[in-house]
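S.K.: Got a structure for you, questions after.
The values are calculated or read from the model by the stated rules, or taken from the named source; none is laboratory data. Quick caveat: nothing in here was measured; it's all calculated off a predicted structure. Because the Cβ atoms are built from the backbone with ideal geometry, glycine has one as well, and the counts that use them run over all protein chains shown. Keep in mind that these areas ignore ligands, DNA and RNA; they rest on the heavy atoms of the full protein, side chains included. Shrake-Rupley method; radii C 1.70, N 1.55, O 1.52, S 1.80 Å.
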Amino acid sequence: EVLVKHVTSGKAISVSAVKENWRSEKNFISSQLVGVDFDQSPGVDALIEQDAFIRDHAFLVYPTASHTDAAPRSRVLFALDAPITDKDEYKKLVKRLLHRFDQQPDEQCKDAARVFYGSNKPGYRADVNKCLPVAVLRDLPPHPDELKPPPAERQATAIADLETKMRAEKYSLAVKQNILTEALAVPAGAGHRHEAFNDAA
């Protein structure tokens, strides 16, 4: 009830408790909140009506501050039945949750120290008796990233010939520049450029 009142009055929340009150993933202690942003939302009521998962487990669904009738945007908040104390597990489970939705939620919501801004716009729906069991998250199908095989280890090869070494260095610099150029060409928004730089790394 406190969270609902806080968020719907327009105030922000962080999903996690952090060390030294400094919001950063490296300071993550635990989280018992998950938020999902729908930038192409059908609207609060439609989200609840169309998705049984949201209907059964979300304690708050509200229009975000940037919501308009022409471009509906909604946020769904889940309260877990127990805190998650491992940052990597939290991110993995949130990615599974995001992957199960057909409405293409914002992938940046997986940040373990993310802030969600509140909104005082009318039309929110709250049920403080709803919670999302961590066991339900763990039972969701794995995110495709979890199924990728680990990269093969590469063995460094010493290059004795100076001319060959210089040519190899020029080639590697050109490849790196091309990778960065391609990542910078990805449109910003919905986490796409962020993912492009992760892939590049």
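S.K.: Starting from the 7 Å offset along Cα-to-Cβ, what nm value, one decimal, do you get for the label separation of Glu146 and Asp45?
M.R.: Taking the two extended label points, one gets 3.6 nm.
S.K.: If you don't mind, there's one more thing I want to ask. Using the Karplus curve 6.51 cos²θ - 1.76 cosθ + 1.60 with θ = phi - 60°, what ³J(HN,Hα) values do you get for each residue of the stretch 45-54, in whole Hz, with x for Gly and Pro?
M.R.: Values, residue by residue: 5, 5, 4, 5, 5, 8, 10, 5, 5, 5 Hz.
S.K.: For Thr68 and Glu195, compute 0.36 nm times the residue count separating them, minus their Cα-Cα distance, and round to one decimal in nm. Please report the intermediate quantities before stating the final value.
M.R.: Numbers: separation 127, 0.36 × 127 = 45.72 nm, distance 2.72 nm.
Gain on stretching Thr68 to Glu195: 43.0 nm.
S.K.: Taking 18 Å as the cut-off for C-alpha to C-alpha distance, list the pairs among Lys11/Lys121; Lys26/Lys130; Lys5/Lys91; Lys5/Lys130; Lys5/Lys121; Lys91/Lys176 that go past it. It would help to have the intermediate numbers written out before the result.
M.R.: Numbers: Lys11/Lys121 12 Å; Lys26/Lys130 30 Å; Lys5/Lys91 27 Å; Lys5/Lys130 16 Å; Lys5/Lys121 12 Å; Lys91/Lys176 28 Å.
Violating the 18 Å limit, Cα to Cα: Lys26/Lys130; Lys5/Lys91; Lys91/Lys176.
S.K.: Skip the ligands, DNA and RNA, and give the accessible area per residue of the chain with a 1.4 Å probe, whole Å². Walk me through the intermediate numbers first.
M.R.: Details: 12590 Å² over 201 residues.
In whole numbers, the chain has 63 Å² accessible per residue.
S.K.: Report the relative contact order of the chain, percent, no decimals, based on alpha-carbon pairs under 8 angstrom and at least 6 residues apart. Numbers along the way, then the final one.
M.R.: On the way: 308 pairs, mean separation 50.1, N = 201.
It comes to 25 percent, rounded to a whole number.
S.K.: Taking R0 as 22 Å, what FRET efficiency do you get between Glu89 and Arg23 from their Cβ-Cβ distance, rounded to the nearest 0.05?
M.R.: Working: r = 19 Å, r/R0 = 0.87.
The calculated FRET efficiency here is 0.70.
S.K.: Mind pulling the angle between the C-alpha long axis of helix 87-100 and the longest principal axis of the chain? Nearest 10 degrees, somewhere in 0 to 90.
M.R.: Between helix and principal axis, roughly 70 degrees.
S.K.: Further question: Over the Cα atoms of the chain, what radius of gyration and what Dmax do you get, in Å?
M.R.: 21.0, 71
S.K.: Given bins 5 angstrom wide, list per bin the percent of all Cα-Cα distances in the stretch 82-124, short to long.
M.R.: 5, 19, 23, 19, 20, 11, 4, 0
S.K.: If I ignore ligands, DNA and RNA and count only protein heavy atoms, how much of Glu49 is accessible to a 1.4 Å probe, in Å² to the nearest 10?
M.R.: We get 140 Å² for Glu49.
S.K.: Quick check: residue separation of Tyr171 and Leu184 times 0.36 nm, minus the Cα distance between them. What number comes out in nm? Walk me through the intermediate numbers first.
M.R.: Numbers: separation 13, 0.36 × 13 = 4.68 nm, distance 2.01 nm.
Separation in residues times 0.36 nm, less the Cα-Cα distance, equals 2.7 nm.
S.K.: Which sequence of His194, His143 reflects their accessible areas, 1.4 Å probe, from the largest down?
M.R.: Numbers: His194 100, His143 20 Å².
Putting His194, His143 in descending order of accessible area: His194, His143.
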